[in-house]
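To keep things clear, I will list the structure first and then write my remarks on it.
The values are calculated or read from the model by the stated rules, or taken from the named source; none is laboratory data. No experiment lies behind these values; they were computed from the predicted model shown. Note: ideal-geometry Cβ built from the backbone for every residue, glycine included; neighbour counts use all protein chains shown.
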């Protein structure tokens, strides 16, 4: 365990767009964290980020950074997560892995096992779990402030179009389509909010997003053991939006609305709308990073740990399989609190 008053030395591996999202929160953690180096296949990107974060090293080979780091933030194309994650864990580094953890169940299981053997933290970067609006929504639901929840809808409407040849256009390197790449955040949230899944469906299309090999637009509906239904709509083809990123939690005594894009939390109850909370717009990745540091320094267990992240990916893999077979996916056994160690759970029973 790291001594509490020591700063964690962090190396950043991958300096593309997602790294920029993480970078914006680092200044708020300057008393706990020091970025010692950056790596990217394009040296200029690594140098630019190193300069912004006052890191001493900028390289194209991430292995050159490991001797001067306690932990790594891996922000790479999805098909590289496993290889780089394994090298970092075996080098004794704590790993914060940008979502998804890896592109296959086998890779995820090996990463989890290696982190356990090396006694290192392996945490998936699901920043929505740490977003203040989401945290407060969870508190309200758990306390049943507006009664029992019976339906939750999550919308993410954005325009994301990559240039020809980009790795994210390929199902093999991305790991799937929009649902796997981006919707994994919101499948994770639905499992966290609503509990054990029973059955579900996914309808996806690349109509409207022809640049995607697999779906660029996703519709998901999941029934949960405790009774509620969860719904997620996500698209990378939006040319406009009213909802942006929004969560609606319908309860028996009112509706909780978390408008992530606006940074506002509302309650709709008894014919009135009440503003409950406001926060700064953004991903709030500093909250996620702060939790990662707590896990290293204080022995806290990651809220978005390897097993929980794997269960969410298994839900997606089963729904993909069911969609191909034109059946409803059996999702039993994939709750965050259910046994996860058995290989093969990504397949339909």
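Is it the case, given these coordinates, that residue 153 is surrounded by 15 or more Cβ atoms within 10 Å (Cβ to Cβ), in contact (Cβ under 8 Å) with a residue 24 or more places away in the chain and not in a helix (DSSP H, G or I)?
It is true that residue 153 is surrounded by 15 or more Cβ atoms within 10 Å (Cβ to Cβ), in contact (Cβ under 8 Å) with a residue 24 or more places away in the chain and not in a helix (DSSP H, G or I).
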Residue 136 surrounded by fewer than 23 Cβ atoms within 10 Å (Cβ to Cβ) and part of a loop (DSSP other than H, G, I, E, B): no
Yes/no for residue 275 being without any contact (Cβ under 8 Å) to a residue 60 or more places away in the chain, over 19 Å from residue 176 (Cβ atoms) and in contact with a strand residue (DSSP E or B) (Cβ under 9 Å, 6 or more places away or on another chain): yes
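Could we say that residue 265 is surrounded by fewer than 18 Cβ atoms within 10 Å (Cβ to Cβ), touching a residue at least 60 places away in the same chain (Cβ under 8 Å) and touching a strand residue (DSSP E or B) at 6+ places or on another chain (Cβ under 8 Å) here? Steps first, please.
On the way: surrounded by fewer than 18 Cβ atoms within 10 Å (Cβ to Cβ): no; touching a residue at least 60 places away in the same chain (Cβ under 8 Å): yes; touching a strand residue (DSSP E or B) at 6+ places or on another chain (Cβ under 8 Å): yes.
When the stated conditions are applied, residue 265 does not pass them.
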Top-ranked residue in the stretch 210-237 [being on the phi < 0 side of the Ramachandran plot and more than 22 Å from the chain's Cα centre (by Cα); ranked as surrounded by the most Cβ atoms within 10 Å (Cβ to Cβ)]: 228
Within the stretch 296-328, considering residues that are in a helix (DSSP H, G or I) and over 20 Å from residue 188 (Cα atoms), the one nearest to the chain's Cα centre (by Cα): 296
Residue in the stretch 312-334 that is farthest from residue 25 (Cα to Cα), counting only those that are touching a helix residue (DSSP H, G or I) at 6+ places or on another chain (Cβ under 7 Å) and crowded, with 24+ Cβ neighbours inside 10 Å: 329
Residue among 274, 280, 341 that alone is surrounded by fewer than 12 Cβ atoms within 10 Å (Cβ to Cβ), assigned by TED's automatic domain parsing to the domain that holds residue 157 and under 24 Å from residue 125 (Cβ atoms): 280
